[in-house]
Amino acid sequence: MAKSKYEYVRKFEQNDACLPNCWIVVRVDGRNFHRFSDSHGFKKPNDPRGLGLMNKCAEAVMTEFGDIVICYGQSDEYSFVFRKNTTQFSRRVSKLITNVVSLFAATYVFHWASFFTDQHLLYPPMFDGRVVLYPSDKNLRDYLSWRQADCHINNLYNTCFWCLVNQGGVTQTKAEERLCGTVSSDKNELLFSEFDVNYNNEPELYRKGSILIWVQKNEASTEENTTDKKKRIRRKVTTLHTDIIGDGFWDEHREILTSS
């Protein structure tokens with residue numbers, strides 16, 4: 001590249017490279033999604049179309065950036081975990097955030113009509129992003145456990161809230177007052193005794209969120225100009241709805257934490 005007298009302005013750019021040997025988590029959050037979901041007629045407390053679209057966006061991001069080893073999503077947020085020794089975008093915070101968020105948002109708009117077949121976009125959705133570093137495997141697991149616990153807490157509350165509003169016929173203000181100060185056991189009892197709902201039977205997609213991981217798939221292939229069939233191994237993004245707080249998931253998928 002030819003030099004010019006203006007090139008000195010590059011010195012004003014800050015070095016925003018992430019610390020080495022740390023898990024990099026890029027979290028994407030919907031901005032003002034309460035208003036967005038209300039404006040676009042999302043079903044309450046959960047809309048499988050919206051959650052399916054979020055998962056589609058996460059799959060697109062994970063497929064594009066192969067250094068992402070696991071994703072976790074719930075409601076209007078998704079967390080993308082890059083392996084510890086990734087060199088993606090030279091580990092620059094600004095590059096990681098802008099590339100992940102822009103692809104996520106673009107995919108959301110691109111695939112909207114495939115999930116919301118009877119609802120046009122009234123205005124563009126917005127997402128923000130942040131980067132957080134976790135130096136140890138325990139820190140990373142605790143972060144993902146926190147997000148899944150948050151999913152359970154919010155979904156239990158929202159399930160109760162919308163049962164009271166939609167089936168109980170109370171106002172949203174009265175529903176908030178009814179649930180104020182209640183604990184999980186109170187909410188479970190309310191659902192079962194008043195609405196015949198066993199919360200444990202609710203779909204795991206709603207209770208546990210979505211986990212995206214890489215799974216190796218064996219595919220049969222035929223070489224050109226020969227009838228010999230060979231097997232080749234390809235990675236494929238797979239979506240799960242399961243517990244990631246206990247050890248079971250991590251014992252079964254040890255490759256996630258050893259991928260660095």
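Helix 48-64 and the long axis of the chain differ in direction by around 10°, with both axes built from C-alpha atoms. Based on protein heavy atoms only, the range 89-136 ends up with 57 Å² per residue of surface accessible to a 1.4 Å probe.
Using the alpha-carbon atoms, what tilt in degrees (0 to 90, nearest 10) does helix 137-166 show relative to the longest principal axis of the chain? Once rounded, the angle reads 30 degrees.
Relative protection proxy for 178-185, 138-145, 189-196, from highest mean packing down: 138-145, 189-196, 178-185 (other beta-carbon atoms within 10 angstrom). Residues of the range 12-27 with backbone nitrogen within less than 18 Å of a virtual label 7 Å along the Cα-to-Cβ line of residue 128, please, listed as ranges. Hits in the range 12-27 for residue 128 at 18 Å: 25-27. Counting lysine pairs in the range 1-86 whose alpha carbons fall under 28 angstrom apart, excluding pairs fewer than 8 residues apart on the same chain, gives 4. Straightening the chain between residue 250 and residue 174 buys 23.2 nm, computed as 0.36 nm per residue apart minus the Cα-Cα spacing. The range 28-70 and the range 133-203 have Cα centres separated by 19 Å. How high is the relative contact order of the chain, given as a whole-number percent (alpha carbon pairs under 8 Å, six or more residues apart)? Reported relative contact order: 23 percent. Overall size of the chain from C-alpha positions, given as principal axis extents largest first: 70, 61, 42 Å. Here is how the number arises for the chain: DSSP H runs of 4 or more residues each give -39500 (n - 2.57), the sum is divided by the residue count, and the result at 222 nm is -12500 deg cm²/dmol. If contacts are Cα pairs under 8 angstrom and at least 6 residues apart, what is the relative contact order of the range 115-260 in percent? Computed over the range 115-260, the figure is 20 percent. All other residues whose Cβ lies under 10 angstrom from that of residue 97 are scored, Lys and Arg at +1 and Asp and Glu at -1, for a net of +2. Rounded to the nearest 10 degrees, the angle from helix 184-195 to the longest Cα principal axis of the chain is 60 degrees.
Calculate, in nm to one decimal, what residue 111 and residue 12 gain on full extension: separation in residues at 0.36 nm each, minus their alpha carbon distance. Contour length minus Cα-Cα distance gives 31.8 nm.
By the rule of a C-alpha distance below 17 Å, with chain neighbours fewer than 8 residues away ignored, the aspartates and glutamates paired with residue 217 are 59, 252, 255.
The values are calculated or read from the model by the stated rules, or taken from the named source; none is laboratory data. The model shown is predicted, which means the values in this text are computed figures rather than measured ones. Positions of Cβ are backbone-derived with ideal geometry, glycine not excepted, and every protein chain shown enters the neighbour counts. Heavy atoms of the whole protein, side chains included, go into the accessibility calculation; ligands, DNA and RNA do not. Shrake-Rupley method; radii C 1.70, N 1.55, O 1.52, S 1.80 Å.
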